[in-house]
Amino acid sequence: MQYTDERCEILSNRQIADGIFDLTVKADYLAQNAGCGQFANILCGGLMLRRPISICDTDPKAGTARFVYQVKGKGTAWLSQQPAGASLQIFGPLGRGFSFIKKPAQVVLIGGGIGSPPMLKTAKTAAELGIAVHVILGFRSRQAVILEQDFKQVAQTVTVCTDDGSYGIHGFVTQALQPLLQQGVGCVMACGPTPMLKNVAGMCADTKTPCFVSLEERMGCGVGACMCCVCKIRVRGFSGYQQVCKSGPVFDGRSVVWYQTKPLESGQFDDAKAVRLAVFCDEQGYDPAAEFDELDAHAIHLAVYDGAKPIATGRVLPPEDGVCKIGRIAVLKPYRGRSVGRYLVEDLIEAARQQGANTIRVDAQVQAMPFYQKLGFESYGEEHLDGHIPHMYMERKL
């Protein structure tokens, strides 16, 4: 990653919406080297930490870089007061941005609020490559809408959504995304608040559409020297935290861990039990009286949460002769296909491993066998009925 600390003259710095400013600077290095989705760190007054601001656009011929930013604190308030002719110390370009190596025929670009600016350079890059660009922008109200005309100059379609319905579509960006996913698009790229990104990534997972998201996290250094801006990632056997400034800000939406797995406590068991009732009784016709027991103090019960709400649950029993059994695994229907079940089973396996198990076993429904096979399980024994549904015993050596 190549970056430099450049002293840049301000060419313009004007307000374009409530608390939103459009800044253009003379920045030869940034203009020549910045990619779409990258950001820069701007020194603001005498403050120690620089402010990370996404790069909205660049003009290599003119040697200029454009930033659209929101006033949130002392640093950006100071920045908003700087006039044309003043100079700024700008460090960048930083981070890993959006990539068009696979060059899809069509791409949907989504910007939520102040997450919209970095999608402009992304849209221009895609258009220059001959990719059909569809843009969806989401804002609180008409007064907060920015950059609509800029996007219209490069995109085939631009759809604006507002929370209050004062302009464009009344609703969220996901409402405008749904019909495009049904039609079939090559890729979705998005930047904005985390709840929006989580929902966009989930919808793309449901339709098996590649999705890349630019995450928003508070940053310190911007180059990976500190650990301020971490997010949890699971990909290709890796499970852990990565720095957003260095490994991102753009990540594959499938690799980001959007949901939290936690041990169940006695007061939370009823909520997890409701998940099993919804899946096994309401969907599959099991008898609630015969199927459900109370919290087993000897087992480890885990649940996956979307905020405060459990969306999946399972348990692992204590090992006997090195063998642990996992079971009572249920994932609410709207969350299937979003890796929730995989994360839950992986966490149950890790809980069994920490108890000294060398083998994990599960009594899997036959239709769930491909899922477990992808996680390294193999079948043994004979197919059998559990209630009215065929099951197969499966195990995985640790």
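The values are calculated or read from the model by the stated rules, or taken from the named source; none is laboratory data. Quantities reported herein were computed from a predicted structural model and do not represent experimental measurements. Every residue, glycine among them, receives a Cβ derived from its backbone with ideal geometry; neighbour counts consider all protein chains shown.
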Failed item in (1) surrounded by 14 or more Cβ atoms within 10 Å (Cβ to Cβ); (2) of a type outside the set (V, I, T); (3) in contact (Cβ under 8 Å) with a residue 40 or more places away in the chain; (4) closer than 26 Å to Q365 by Cα, with K246 passing the rest: (4)
Close pairs from region 309-335: first on the phi > 0 side of the Ramachandran plot and in the same structural domain as D206 (by TED's automatic domain parsing), partner surrounded by fewer than 21 Cβ atoms within 10 Å (Cβ to Cβ) and assigned to a strand (DSSP E or B), Cβ under 8 Å, at least 6 apart: none
Any hit, region 63-75, residues being out of contact with any strand residue (DSSP E or B) (no Cβ under 6 Å at 6 or more places or on another chain), of a type in the set (A, V, I, L, M) and closer than 22 Å to G192 by Cα: yes
Residue in region 376-398 that is touching a residue at least 24 places away in the same chain (Cβ under 8 Å) and closer than 22 Å to R254 by Cβ present: no
Tabulated pairs, region 258-282, first under 30 Å from L215 (Cα atoms), second assigned to a helix (DSSP H, G or I) and of a type in the set (A, V, I, L, M, F, W, C), C-beta under 7 angstrom, 6+ apart or interchain: W258/A201; Y259/V340; T261/L344; L264/A272
Filtered residues of region 132-144 (kept if within 27 Å of G186 (Cβ to Cβ) and in contact with a Gly (Cβ under 8 Å, 6 or more places away or on another chain)): V135, I136, L137, G138, F139
Set V173, V145: member being touching a helix residue (DSSP H, G or I) at 6+ places or on another chain (Cβ under 7 Å), touching a residue at least 24 places away in the same chain (Cβ under 8 Å) and of a type in the set (V, I, T): V173
Segments classed as strands (runs of 3 or more DSSP E), wholly inside region 298-370, with at least 1 members that are among the basic types (K, R) and under 13 Å from R396 (Cβ atoms): 323-331, 359-365
Any hit, region 256-273, residues being surrounded by 13 or more Cβ atoms within 10 Å (Cβ to Cβ) and closer than 17 Å to R96 by Cα: yes
Condition met for E346 (under 29 Å from the mean Cα position of the chain (by Cα) and touching a residue at least 24 places away in the same chain (Cβ under 8 Å)): yes
Top-ranked residue in region 146-187 [being of a type in the set (S, T, Y) and closer than 21 Å to T122 by Cβ; ranked as farthest from the chain's Cα centre (by Cα)]: T157
